Amino acid sequence: MATVQQYESGHPPEWCPGCGNFPILIALKNALVQSAIDPKDTVVVSGIGCSGKLPHFVKTYAYESLHGRSLPVATGVKLGNHKLTVIAVGGDGDGYGIGMGHFIHAMRRNLDLTYIVHNNQVYGLTTGQTAPTSEKGYKSKSTPHGVLEEPVNPLALAISSGATYVARTFSGDLPHMVSTILGAIRHKGFALVDVLQPCVTFNKINTYPYFMQRVYKLDAGSYNAMDKQAALAKSFEWGDKIPIGIFYKEDKPTYEDGIPHLQEMPTCKRPLDNISVDKILDELQ
Ligand code: SF4
């Protein structure tokens, strides 16, 4: 079994002091250790943004892709070798803004991926513009009179689009993050982990104290995460009280389960010597 030290890449993060990305990185490493998956069988894929740098700081296979494109790349990796544990990471602007179309279609397919979104409700890397998850009325350099749109609700989108593990956690609660990410890694199917991640430099509204006063844990004894309608209703609770935990969970076949040749072996292991490129080209003419 690997140790947390074995996941150290040797490249120290350069996030702002106090950034909520630090505990997410720690939580991910601890969840990977507890999952007992060999680091060589793990791939972490990101888009662009402050959180998009995360693959540099964890010693697994890694790919920092283009803005909003972590899920298409993660999909390609998974279909190339479905035996790998594939984890996509990125920010709310990356995943719920420019990558929104990929987000919905990846969930619709129920690929066996874990997607961790560092949701700080602002564009951090580009110095503090309004993001898709910024609350209505939020003022920033891009919306100085307050944003007019309603914010994206990622949990409601995930539940209604086909994700089979939908959770929210908070980067001020390390044990909760570790258990939530571990559950996502172990889940067979598309798992969304939306993390409330304070951007201490640019978001002066959704701060650590803001969330500390509001977050509460869904009660595993009384809350039924298999009830889709109840999960959808719960996903709209936001304000004085903000729930964290597993909102929705469902067991059903993955996209990979439906691909016949993957039942024999991973795509990358298939022999190439009986493939005739000329024959394929002839068929395409
Ligand atoms: Fe973190 Fe915000 Fe700094 Fe980016 S700008 S590193 S999200 S605190």
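The values are calculated or read from the model by the stated rules, or taken from the named source; none is laboratory data. The model shown is predicted, which means the values in this text are computed figures rather than measured ones. Quick reminder, even Gly has a Cβ in these numbers, built from the backbone with ideal geometry, and neighbours come from all protein chains shown.
The requirement of being surrounded by 12 or more Cβ atoms within 10 Å (Cβ to Cβ), in contact (Cβ under 8 Å) with a residue 12 or more places away in the chain, closer than 30 Å to Pro17 by Cβ and touching a His at 6+ places or on another chain (Cβ under 8 Å) is not satisfied by Ile205. Among the residues of segment 81-102, those identified as under 19 Å from Ile185 (Cβ atoms) and not aliphatic (A, V, I, L, M) are Asn81, His82, Lys83, Thr85, Gly90, Gly95.
Residue-level analysis places Ala74 outside the set of residues that are farther than 30 Å from Leu148 by Cα, part of a strand (DSSP E or B) and among the aliphatic types (A, V, I, L, M).
Can you tell me which residues in segment 231-250 are among the acidic types (Asp, Glu) and either under 19 Å from the mean Cα position of the chain (by Cα) or assigned to a strand (DSSP E or B) (or both)? Once the filter is applied, which keeps residues that are among the acidic types (Asp, Glu) and either under 19 Å from the mean Cα position of the chain (by Cα) or assigned to a strand (DSSP E or B) (or both), segment 231-250 yields only Glu250.
On the stretch given as segment 70-85, residues that are among the charged types (D, E, K, R) and either under 18 Å from Ile116 (Cβ atoms) or at pLDDT below 95 (or both) total 1. Looking across segment 1-24 at every residue that is in contact with a helix residue (DSSP H, G or I) (Cβ under 6 Å, 6 or more places away or on another chain) and either surrounded by 17 or more Cβ atoms within 10 Å (Cβ to Cβ) or under 17 Å from Val86 (Cβ atoms) (or both), the one that is modelled with the lowest pLDDT is identified as Ala2.
The set of residues in segment 188-206 being away from the ligand (no atom under 14 Å from the Cβ), part of a loop (DSSP other than H, G, I, E, B) and over 12 Å from Tyr248 (Cα atoms) consists of Lys188, Gly189.
Selection within segment 101-129: residues that are of a type in the set (Gly, Ala, Ser) and within 14 Å of the ligand (Cβ to nearest atom). The member of this set that is surrounded by the fewest Cβ atoms within 10 Å (Cβ to Cβ) is Gly128. For the criterion of being surrounded by 24 or more Cβ atoms within 10 Å (Cβ to Cβ), over 19 Å from Ala231 (Cα atoms), in contact with a strand residue (DSSP E or B) (Cβ under 6 Å, 6 or more places away or on another chain) and touching a residue at least 24 places away in the same chain (Cβ under 8 Å), Leu192 fails. Scanning segment 158-178 for residues that are in a helix (DSSP H, G or I) and either at positive phi or without any contact (Cβ under 8 Å) to a residue 60 or more places away in the chain (or both) returns Ser161, Pro175.
Exactly one residue among Gly124, Gly99, Gly93 is out of contact with any helix residue (DSSP H, G or I) (no Cβ under 9 Å at 6 or more places or on another chain) and within 28 Å of Ile205 (Cα to Cα), and that residue is Gly93.
Of all residues being within 16 Å of the ligand (Cβ to nearest atom) and in contact (Cβ under 8 Å) with a residue 24 or more places away in the chain in segment 208-233, which is surrounded by the fewest Cβ atoms within 10 Å (Cβ to Cβ)? Just the residue, please. Only one residue tops the list, namely Tyr208. Does Leu28 count as within 16 Å of the ligand (Cβ to nearest atom), within 14 Å of Ala2 (Cα to Cα), surrounded by 23 or more Cβ atoms within 10 Å (Cβ to Cβ) and modelled with pLDDT of 95 or more? Answer is yes for this residue. Only residues that are near the ligand (Cβ under 8 Å from one of its atoms) and hydrophobic (A, V, I, L, M, F, W, C) were counted across segment 8-25, and they come to 3. Would you call Tyr138 within 16 Å of the ligand (Cβ to nearest atom), hydroxyl-bearing (Ser, Thr, Tyr) and in a helix (DSSP H, G or I)? Taking the combined requirement at face value, the residue does not satisfy it.
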